[in-house]
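Everything on this sheet refers to the single structure shown next.
Where a number appears in this text, it was derived from the coordinates with a stated rule and is not lab data. Since the model is a prediction, treat every value here as computed from it, not as a measurement. Every residue, glycine among them, receives a Cβ derived from its backbone with ideal geometry; neighbour counts consider all protein chains shown.
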């Protein structure tokens, strides 16, 4: 019998290689086993969607909220297309659309839920707020005061005397040059909340366009006294309107209208 003899150096290298191979096999086997044993999610689409919407309510960061709601919507839509009669999911999907600012889809879902659960009166608030925010979008993002007025009128018919809706109706009417109607809405707002600075500022815009500059200054000062510095941002936003009035009526720059403390106008 021929025996193979290893020198101490060769034997050490052999054992190291053997040990490394054994470690690799064990690690590979462990990874394969963990992949096999990894449990699949047993939660339904509805449960996952509900969990995301509960998380959505607790998050304040707008970017994170949008990310969450965009994850929830496909899950809730799958549930809806499988079972359109699931009123709980319909309401949740409506809330998800609202969270994504997709107000028209939200309104559709809320009306569907209203048909399914006519005794659930709280849905009227969801509808009114959706119409209100749709009106706000038409007014400020789409520059469409006519559509804004229609949407806001629906909101007011569903939920009368909502102060934000009334002020937005004032803005929409004034944008349509219906100043008397606009001022009527502003007066209703100020009767409900005499210290609403934004309404005083919006009123000042009407007076400026009507050429009533003393009243315009009076309402600007009132807004500024309620919230010091409040009008500065708004003056900057409406700078073009005021400058147009200045050119149109050939007013002098030192007119009191343009003297607002700490304003960059």
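Tell me, how many Å apart are the Cα centres for region 50-108 and for region 112-142? Answer, in whole Å: 15.
Taking other Cβ atoms within 10 Å as a rough exposure proxy, 220, 215, 190 sort from fewest to most as 215, 190, 220.
Among 152, 176, the order by Cβ neighbours within 10 angstrom, fewest to most, reads 176, 152.
Modelled spin-label separation between residue 184 and residue 143, with each label point placed 7 Å from Cα along the Cα-to-Cβ direction: 2.9 nm. A full extension of the chain between residue 77 and residue 111 corresponds to an added length of 10.6 nm, given 0.36 nm per residue minus the alpha carbon distance. If R0 is 25 Å, the Cβ-Cβ spacing of residue 153 and residue 101 corresponds to a FRET efficiency of close to 0.75. If R0 is 41 Å, the Cβ-Cβ spacing of residue 227 and residue 44 corresponds to a FRET efficiency of close to 0.25.
With both labels modelled 7 Å from their Cα along Cα-to-Cβ, the residue 67 to residue 176 distance reads 4.2 nm.
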